[in-house]
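Some notes on the structure that comes next.
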Amino acid sequence: MRYLWVWSFCTFCLIQADTIELTDMFGEIQSPNFPDSYPSDSEATWNISVPDGFRIKLYFMHFDLESSYLCEYDYVKVESEDQLLATFCGREATDTEQTPGQQAIVSPGSYLSLTFKSDFSNEERFTGFDAHYTAVDIDECLESSDEELACDHHCHNYIGGYYCSCRFGYILHSDNRTCKVECSDNLFTQRSGAINSPDFPNSYPKSSDCLYRVELEEGFFITLQFEEAFDIEDHPEVSCPYDYIKIKAGPKEFGPFCGEKSPGRIETRSNSVQILFHSDNSGENRGWKLAYTAIGDPCPLVEPPVNGKIEPSQATYTFKDQVVISCSTGYNVLKDGVESKTFQIECMKDRTWSNEVPICKIADCKTPPELAHGAVTFSTPLNLTTYQSGIQYFCQQPYYQMVPNITGTYTCDAKGVWRSAELGARLPSCQPVCGKPRFSRSLLARIANGRYAQKGTSPWMAMLHRNGRPFCGGSLLGNRWIVTAAHCLHHVLGLEDPVLRSSDIINTSSFKIILGKHRTERTDSTEQQLQPQRIVIHPSYKAATLQFDVALLELSEEARLNDYVMPVCFPDGSHRTGAMVIVSGWGKQFLHRLPDALMEIEIPLTDHATCKEVYARLQKAVTEDMICAGEKQGGKDACSGDSGGPMVTLNNQTGQWQLIGTVSWGDGCGLNDRYGVYSNVLLSLPWIKQVTGMEY
Ligand code: 4AZ
């Protein structure tokens, strides 16, 4: 406590007027001379000030002043800066005068002054007063009635002051009171969207400057549509002095807008828009919300091409809209000479399309591929090769047949590919028909001994011809291969070393193959002279024992199949001992003469064990790869020059002639109790199929 005044005794002074400044947080104030009676004509003032954030609480422990009407003689006045808080006098309160009693006085601010005054006379002795004051904290959070000072979000009181804080997402403004948001960096690049004031539809933050940018490619025009719900603090006279929204669109500006009337629709005609929203540090308004859309100028309507369509189908297309042009099944989009499934065009900012609408061109299968040994005909008029046209393949009947056995009908599909129900896009092939001569033996001419073959009854019969003479026979397989005896194709080997070397094999150019032949030496009108280009000897061929006496000759060109030139079939294994077989050739007659035309015999297949036994007596081995035929009494037999020629039998089931054997060897020709020995083709069949690549 600091008494700045000094009670000086002054006899001549009528009034003692003193001012005491008190700045401590508590203190005691007493009337002059307390507890003795106070002097007359005295006046003293105590100015109490405490730090901001505190109030002053004053209470009287003792109060005893002269009483007067309305306290006009002696009194104690308590004042704040600009307000009289109380005037006290007397000992007890009356209707017109008050004493402090037990009541404490609290200052509205951090300042309080107490003035004591006594007049010139006192009828009695009055002891005055004894008062105490203390600084008390203000809970600004609870008490502040001043809107300007209240915290925007959260208030925190502490002794001597308070501070404000903000909800998550807000930051305290430099006024330390309002909560603002950071909203100056909002960029929208989508063609449409929604933008609203922070927290909409709740009150927007104070003291904030929000910037929303909508940036789109040049060519777009942005339209803003404000919602009806619109509430920005305004002023009845001044235009938007507190909070406002302003829109900048290129050189144009819209707004400021505030109040409760929505700006509605704003067509900016710009591809770049800035929306500025300012709020000051007061007010509770709900804000605004808008939807923006960006649309460009329209392009002219596009017509779909004939047999095509445009997607998506719209009444209008504007900048950046894309349409896909596609064609109906069987049609393709044709653009700049390139065909494709679809084509895309885009509406550009200058109101034109990026490309012209292409046309739809019908799929074209083009000229169908040729089929070797076959032909193709058109089933659709005008020989059309376009989508859904039909073609028909044929094979050269009766010499070739379709493999696999299909109708040969192909249709042009939507992809421009000739397609059949059975093979899809693959083509069949025309394979030679085997074992079906165009001529059959007349019943009258049944074979007794040997006899002239009838022309065209063994069209697979091949003559191996060298130095103007036939030297062996052979059989046509397919249209490119001859099967014959291996021993026909090499020189005689030394007896001591009968191993076959490639140098022992005769030259392909040293002989030729004649098909369609009948007469031995005279030319036939039906004959085809062909050159072998490759000799393939069976790998298991043994020259010494004639095991696997079989070889293949590849022709340098295909044989032309006709009534006199046709292949024989592979054996199917159905032949049995005793079955009748036909052997044909231009080999020697028994009188060592060459016949003047092709001869043939019909003989039964011999039991293998019997044949083996017969030849065992002669120290000759009849192995499993050999098959014998002939009659026990002899007579009908192959002979020198017939080697390699065919031994065939008719399969009654299929009506086709199949090759059972090739003429190989025997003891003499036509002798009694001897049989002709043939290479068993069935055993060479896997090798034949492998070398020739033929399956049937
Ligand atoms: C040969 O020398 C030959 N009797 C072929 C067959 C027969 C005999 C000899 C069978 O080509």
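Brief remarks follow.
- Listed here are the strands (runs of 3 or more DSSP E) enclosed by the stretch 196-268 that have at least 3 residues being in contact (Cβ under 8 Å) with a residue 60 or more places away in the chain: 209-215, 220-226.
- If the condition is being part of a loop (DSSP other than H, G, I, E, B) and either within 15 Å of the ligand (Cβ to nearest atom) or among the small types (Gly, Ala, Ser) (or both), then the stretch 470-490 contributes Gly478, Ala485.
- Hey, Val681 at pLDDT 95 or above, open to solvent by less than 10 Å² (accessible area, probe 1.4 Å), out of contact with any helix residue (DSSP H, G or I) (no Cβ under 9 Å at 6 or more places or on another chain) and β-branched (Val, Ile, Thr) or not: no
- Taking every residue in the stretch 616-644 that is closer than 28 Å to Leu594 by Cβ and of a type in the set (Ser, Thr, Tyr) and pairing it with any residue that is outside any loop (DSSP other than H, G, I, E, B) and open to solvent by less than 30 Å² (accessible area, probe 1.4 Å), at least 6 positions away or on another chain, the pairs with Cβ-Cβ distances below 6 Å are Ser643/Cys472; Ser643/Cys488; Ser643/Val663.
- Tabulated pairs, the stretch 23-51, first free of Cβ contacts under 8 Å to residues at least 40 places away in the same chain, second not in a loop (DSSP other than H, G, I, E, B), C-beta under 7 angstrom, 6+ apart or interchain: Thr23/Ser49
- Residue match in the stretch 390-412 (condition: crowded, with 16+ Cβ neighbours inside 10 Å, farther than 30 Å from Leu334 by Cβ and of a type in the set (S, T, N, Q)): yes
- Glu527 closer than 28 Å to Pro686 by Cα and either modelled with pLDDT of 95 or more or open to solvent by less than 30 Å² (accessible area, probe 1.4 Å) (or both): no
- Residues in the stretch 218-238 that are more than 14 Å from Arg286 (Cα to Cα) and surrounded by 14 or more Cβ atoms within 10 Å (Cβ to Cβ): Gly219, Phe220, Phe221, Ile222, Thr223, Leu224, Gln225.
- The number of residues in the stretch 34-63 that are surrounded by fewer than 20 Cβ atoms within 10 Å (Cβ to Cβ) and under 16 Å from Ser121 (Cα atoms) comes to 6.
- For the stretch 161-179, filtered to residues that are touching a residue at least 24 places away in the same chain (Cβ under 8 Å) and open to solvent by less than 60 Å² (accessible area, probe 1.4 Å), the residue that is farthest from the chain's Cα centre (by Cα) is Gly161.
- Any hit, the stretch 641-651, residues being closer than 20 Å to Met463 by Cα, among the hydroxyl-bearing types (Ser, Thr, Tyr) and at pLDDT below 95: no
- Pick from the stretch 645-658, criterion within 14 Å of the ligand (Cβ to nearest atom) and not small (Gly, Ala, Ser), ranking: nearest to Asp596 (Cα to Cα): Pro646
- Taking the stretch 396-437 as the range and being under 21 Å from Cys365 (Cβ atoms) and not in a loop (DSSP other than H, G, I, E, B) as the test, the residues that pass are Met402, Thr409, Tyr410, Thr411, Cys412, Trp418, Arg419, Ser420, Gly424, Ser429, Cys430.
- Here is the figure for the stretch 322-339: residues that are farther than 14 Å from Ala414 by Cβ and either free of Cβ contacts under 8 Å to residues at least 24 places away in the same chain or open to solvent by less than 40 Å² (accessible area, probe 1.4 Å) (or both) total 7.
- Of all residues in the stretch 277-289 being of a type outside the set (Phe, Trp, Tyr) and in a loop (DSSP other than H, G, I, E, B), the one that is surrounded by the most Cβ atoms within 10 Å (Cβ to Cβ): Ser279
- For the stretch 600-634, a tally of residues being assigned to a loop (DSSP other than H, G, I, E, B) and within 11 Å of the ligand (Cβ to nearest atom) returns 2.
- Of all residues in the stretch 336-369, those satisfying the criterion of being charged (D, E, K, R) and not in a loop (DSSP other than H, G, I, E, B) are Glu339, Glu346, Lys361, Asp364.
Conditions tested, residue by residue: (1) open to solvent by 40 Å² or more (accessible area, probe 1.4 Å); (2) under 18 Å from Phe548 (Cα atoms); (3) touching a residue at least 24 places away in the same chain (Cβ under 8 Å).
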{"residue": "Arg480", "(1), (2), (3)": "yes, no, yes"}
{"residue": "His487", "(1), (2), (3)": "yes, yes, yes"}
{"residue": "Val492", "(1), (2), (3)": "yes, yes, no"}
{"residue": "Glu496", "(1), (2), (3)": "yes, no, no"}
{"residue": "Ser502", "(1), (2), (3)": "yes, yes, no"}
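- Subset tally (residues that are charged (D, E, K, R) and in contact with a strand residue (DSSP E or B) (Cβ under 8 Å, 6 or more places away or on another chain)) for the stretch 364-423: 4
- Residue match in the stretch 255-276 (condition: surrounded by fewer than 18 Cβ atoms within 10 Å (Cβ to Cβ) and β-branched (Val, Ile, Thr)): no
- For Cys669: the one exception among (1) of a type outside the set (D, E, K, R); (2) within 16 Å of the ligand (Cβ to nearest atom); (3) open to solvent by 20 Å² or more (accessible area, probe 1.4 Å); (4) touching a His at 6+ places or on another chain (Cβ under 8 Å): (4)
- Condition check for Gly661 on (1) more than 22 Å from His592 (Cα to Cα); (2) within 12 Å of the ligand (Cβ to nearest atom); (3) without any contact (Cβ under 8 Å) to a residue 40 or more places away in the chain: one failure, at (3).
- Filter pass, Val581 being closer than 19 Å to His465 by Cα and open to solvent by less than 10 Å² (accessible area, probe 1.4 Å): no
- Applying a threshold of 7 Å to beta carbon distances and a minimum spacing of six or more residues, or different chains, the list of pairs starting in the stretch 664-690 at a residue that is aliphatic (A, V, I, L, M) and ending at one that is near the ligand (Cβ under 8 Å from one of its atoms) and outside any loop (DSSP other than H, G, I, E, B) reads Val677/Ser664; Val677/Trp665.
The values are calculated or read from the model by the stated rules, or taken from the named source; none is laboratory data. A quick note: this is a predicted structure, and the numbers were derived from the prediction, not measured. Using ideal geometry, Cβ is built from the backbone for each residue, glycine included, and neighbour counts are taken over all protein chains shown. Calculation scope for accessible area: heavy atoms of the full protein, side chains included, ligands and nucleic acids excluded. Shrake-Rupley method; radii C 1.70, N 1.55, O 1.52, S 1.80 Å.
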